[in-house]
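Beneath this line is the structure, given in structure tokens, with notes to follow.
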Amino acid sequence: MNVYQSLEEVQKEVLDLIQNKSLTYEQQTFGLAKLAENVLPYPEGADEELMELAQEGIVCDLHEGHAPYAPRYVLPDYDLLFRKGSPFLRLDPPKTLTDAIHTLLIFYHHVPSITRFPVYIGRIDQLLNPFIEDEAQAREQIKWFLIQLDRTVDDSFCHGNIGPQETLAGNIILDVLKDLQNVTPNLTLLYDPKITSNSFAQKCVSTSMACANPAFVNDQMFREEFQGDYGIASCYNGLPIGGGAFTLSRLRLNKIALKSQSLEDFMTNQLPATIHAMTGFMESKIRFLVEETHFFTESFLVKEGLVSLERFVGLFGLVGMHECVNALMKLENKDYSYGKDQEANELGVAIMDLIQKEVDAFESKYSDFWNHRYMLHAQVGADQDLGTSAGVRIAIGHELPIYEHMQQAGMFHKYFPSGIGDHFPFDHTVLNNPQAVLDIFEGGFASGMRYISCYAEDGDLIRVTGYLIKKSDLQAYNQGKQVSYDTVQYAQEALNTYGVLNRKVRGESDARR
Amino acid sequence: MLGRINQIIDSSLVDGPGNRTAIFFQGCNFNCHYCHNPETISPGNPKQDMELSEVLERIKRNRPFIKGITVSGGECSLQYAFIEALFLETKKMGLSNFIDTNGSLPFWELPVLTELTDGFMLDVKATDVKSHLLLTGKDNKVVLKNAEFLASIGKLYEVRTVMVKDELNNQKTVEEVGDLLQEYLGQPIRYKLIPFRPHGVRTAYRHWESPSSEKMERLKDLALAKGFEQITVAS
């Protein structure tokens, strides 16, 4: 949350960007645009108290920019696009698979988001399936659809959904992804064991072991909370279709704990005060976006009904629960750790109850979809997060045996309708037994989890904190070479410093004599 | 009721279909040279005894995550009375019951156990009697009869053979297992070919070697030709 003090400072940053040899042209252009935005002050309402909290690293806006002019996450209603076409883009409703694929690819180009790329590309299997006539031809076309996506939307916050019904298109997508080893899109199976066939679910596990996609989401849980359809966007964010999220800021819970005098001070003073400051800050950004910029009056997405203001929500994020609980336990002179000790986990739950209550106490003028409240979001982490674990996750290196791990996670997932998830590297023993992973996932869902993924411990593609990268791309980027995917920049600290590659491997190595 | 147990593994991906809790019983009536956990062969000691209720408690905790349980060893079937009682309870929990066995007990004489068991994973260490005697200290008459019997009642889930270079006639075993089960191979009986691994093996036999990976592939092709459809080569 940098505020420039002089023109020279701005100029230096411009020059640094232009001269950075590991950035591609597009990455530089996007960086310059963000820089220009940040020359403006924060919107009115970002008071000094908030800026102090930002300085202390307690509140963080994820470099979202000072003056938002489009929502952070946009989830267009693709069904409507296919029914009505888009007059602005001069696209008629598609009639063939070629029409459908090109309609989507053209449309994606025009969907804004915080990453400059679409973070939600729809339920791609259900969108394409009705147009398939010839399977061999469809395979070829879908292959090139996915290649085009991967090479032009170079950022794995771009998220596609498949399922819950098994379709031919879904099967083709899985087959093709296995071969292509693409980073984009991030893919999620909307999984409902009552609807999704067992063989398709097993195929999803096997595909994950080959290319870290798709992740599994607890479809029934989301459907109940959203009272119908929802989309999974960006990392793993559940959001309303035909809407999205205005903004996302986050608390570093551990830093609040570190400045508290006692557990009581944390619960009664520090945490509520910080939440109050952050909700106010978020509201000021949303107000600026809605009332001082023109997205919600002029964008063709709004005019054509593909998104609407009342289906956007504010996302209240948090990280660092693990370290927060441990710090508070220390203040109480108790030797309990988050994850392994029940008392520590119960404190975590009490903290979540308080956060939920305080966040719900704030009534937003916006966020209609969620009854004018902000949704909680377990954020996956960002740069400068060393010593702060993602969301409410157990820190890497302290993972529990898988059942206990999932049961612990299950205590927390219910608080985060707008996204939370856990990722598990498995060893080769899964390859002959994908059903085993499915059994474990179902146990996780039965324990209250909402989003789970697996990948092969020794594969090139891995899920970092929510998004995918190739280890080989990171290696190249570490050596100062250009890589097309933006996400590699974000993954650099996560992998180089925070130890994502050291997650506890599951399978035979987790269990065997 | 007490069972003598070497170890319980809460999550196993390699002991039958899906994710399973595997219970390794103490004590074996074979003494295979290549045994990779020879500590489970001796009858053990009372410190390893577990109450049935204790074992069930552990399984109950794992219930949401598992498809079923697998009893292994040692040779689990030697403690069949305990296993019958265990399987009766796990069935009530909606779990499937699998047995990993050396096939030395005549299962056709254990109808209660056989009834409660969903699938057997049977080690056929060698079809040749002499080799079997040399390797395990016991003959293989009952083992081979069990293979047929279990296949005939549709409960032979998998046959397993450990392959050792030079010491065993691997090819003969695969061939003869195929012949023995010929009329049942319409069922999805799996064949797992396991290359010998020195890990855990007693010093006297640790120098044994596994067939080359090309040889393993050839054995797999042979099993395929015999009519097995699902063949895995363990790593």
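The values are calculated or read from the model by the stated rules, or taken from the named source; none is laboratory data. Keep in mind that what you see is a predicted model, and the values were worked out from it rather than measured. With ideal geometry, Cβ positions are generated from the backbone for all residues, glycine too; neighbour counts draw on all protein chains shown. These area figures cover heavy atoms from the full protein model, side chains too; ligands, DNA and RNA do not enter into them. Shrake-Rupley method; radii C 1.70, N 1.55, O 1.52, S 1.80 Å.
Annotations
- Scanning the stretch A:79-92 turns up at least one residue that is under 18 Å from A:Q148 (Cβ atoms) and open to solvent by 10 Å² or more (accessible area, probe 1.4 Å).
- Within the stretch A:335-350, the set of residues being closer than 20 Å to A:Y415 by Cβ and of a type in the set (S, T, Y) comprises A:Y338 only.
- Among the residues of this structure, A:G466 does not count as one that is within 14 Å of another protein chain (Cβ to nearest Cβ) and either crowded, with 23+ Cβ neighbours inside 10 Å or among the hydroxyl-bearing types (S, T, Y) (or both).
- Check on A:G459, in a loop (DSSP other than H, G, I, E, B) and either surrounded by fewer than 23 Cβ atoms within 10 Å (Cβ to Cβ) or of a type outside the set (A, V, I, L, M, F, W, C) (or both): yes
- Residue match in the stretch A:378-399 (condition: part of a strand (DSSP E or B) and surrounded by 22 or more Cβ atoms within 10 Å (Cβ to Cβ)): yes
Residues checked against (1) of a type outside the set (A, V, I, L, M, F, W, C); (2) more than 13 Å from every other protein chain (Cβ to nearest Cβ); (3) surrounded by fewer than 16 Cβ atoms within 10 Å (Cβ to Cβ):
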| site | (1), (2), (3) |
| --- | --- |
| B:A22 | no, no, no |
| B:Y34 | yes, yes, no |
| B:N62 | yes, no, no |
| B:T70 | yes, no, no |
| B:F82 | no, yes, no |
| B:K91 | yes, yes, no |
| B:G94 | yes, no, yes |
| B:L105 | no, yes, no |
| B:L116 | no, yes, no |
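- Residues located in the stretch A:379-389, provided they are under 18 Å from the mean Cα position of the chain (by Cα) and more than 17 Å from A:D61 (Cβ to Cβ): A:S389
- The numbered conditions (1) over 26 Å from A:T279 (Cα atoms); (2) modelled with pLDDT under 95; (3) not basic (K, R) are all true for A:G381 except (1).
- Condition met for B:G3 (modelled with pLDDT under 95, touching a helix residue (DSSP H, G or I) at 6+ places or on another chain (Cβ under 6 Å) and more than 9 Å from chain A (Cβ to nearest Cβ)): no
- Residue match in the stretch A:425-432 (condition: within 14 Å of chain B (Cβ to nearest Cβ), assigned to a loop (DSSP other than H, G, I, E, B) and farther than 27 Å from A:R250 by Cβ): yes
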